Amino acid sequence: MLPIVNGNGKRSPRGASGFTIVELVIVMSMMIILVGIVAPRMRVSSTRQVQGTAHQIAGHLELARTRALGQRQLTRVVFHENDRTYTAYVDHDRDGSVSNNGTSDEVEAFFEFGERELEMFVDFGRGNASTIPGDDALDAVTLGSNTLDLSVQGVPEPWGTTGTVYLVHQDDPNAVAAISIAASGSFKAWRWFQGEWQ
């Protein structure tokens, strides 16, 4: 058996193996290039972030409606534009009214929902978008007092109440979504895409 000889003509210990510095640099360079290609594709776009928040709010409104129907309790959702939050209250003592005067009893009774904060970089607002079809108000939340009251039948009160909640990305005024609230108690998420609502 012949001894293993390295590049200097000297014997290497038997079975010694490894990578050269050149091989390691090449592999590391390839990994950096791959990360540079893949990383931007992993980031969520501002448009998708706003749309995701709109779908999340629509789902929470459906949860509030389901609670009103299932438990036969008045339910209220209040949108706090300045705080970037929305809170659900429920008539836990069944006195026919929902109080949102700062006491937490009504919020704690609806622990599945409670107070929610908007996603990072998402605000209430319309950005560069026009109003959705059938909504002429210019506010970010077009409900009276930024409040949605749902009766025990799961429809907005007073009867016939409609409204819209607009969302915009802080860094992109064209990344806009909306949640429309129908008098029947249904909720629809809209997105602003190429100058029109879809």
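Some points to look at:
- Of residues in the range 1-55 being of a type in the set (D, E, K, R), modelled with pLDDT of 65 or more and surrounded by 10 or more Cβ atoms within 10 Å (Cβ to Cβ), the one farthest from the chain's Cα centre (by Cα): GLU23
- Residue list for the range 149-179, restricted to those being out of contact with any strand residue (DSSP E or B) (no Cβ under 8 Å at 6 or more places or on another chain), more than 22 Å from THR66 (Cβ to Cβ) and not in a strand (DSSP E or B): ASP171
- Qualifying residue in the range 124-132 (condition: closer than 30 Å to HIS92 by Cβ and in contact (Cβ under 8 Å) with a residue 40 or more places away in the chain): yes
- Residues of the range 20-76 that turn out to be of a type in the set (A, V, I, L, M), more than 30 Å from ASP93 (Cα to Cα) and part of a helix (DSSP H, G or I), as a count: 19
- Unique residue being under 17 Å from the mean Cα position of the chain (by Cα) and surrounded by fewer than 18 Cβ atoms within 10 Å (Cβ to Cβ) when the list is ASP172, ASP136: ASP172
- Residues of the range 91-124 that turn out to be modelled with pLDDT of 85 or more and of a type in the set (Val, Ile, Thr), as a count: 1
- Hits in the range 56-81 - residues which are among the polar types (S, T, N, Q) and over 17 Å from the mean Cα position of the chain (by Cα): THR66, GLN71, GLN73, THR75
The values are calculated or read from the model by the stated rules, or taken from the named source; none is laboratory data. Since we're looking at a predicted model, the values are computed, not measured. Neighbour counts run over all protein chains shown; Cβ positions are idealised from the backbone, glycine included.
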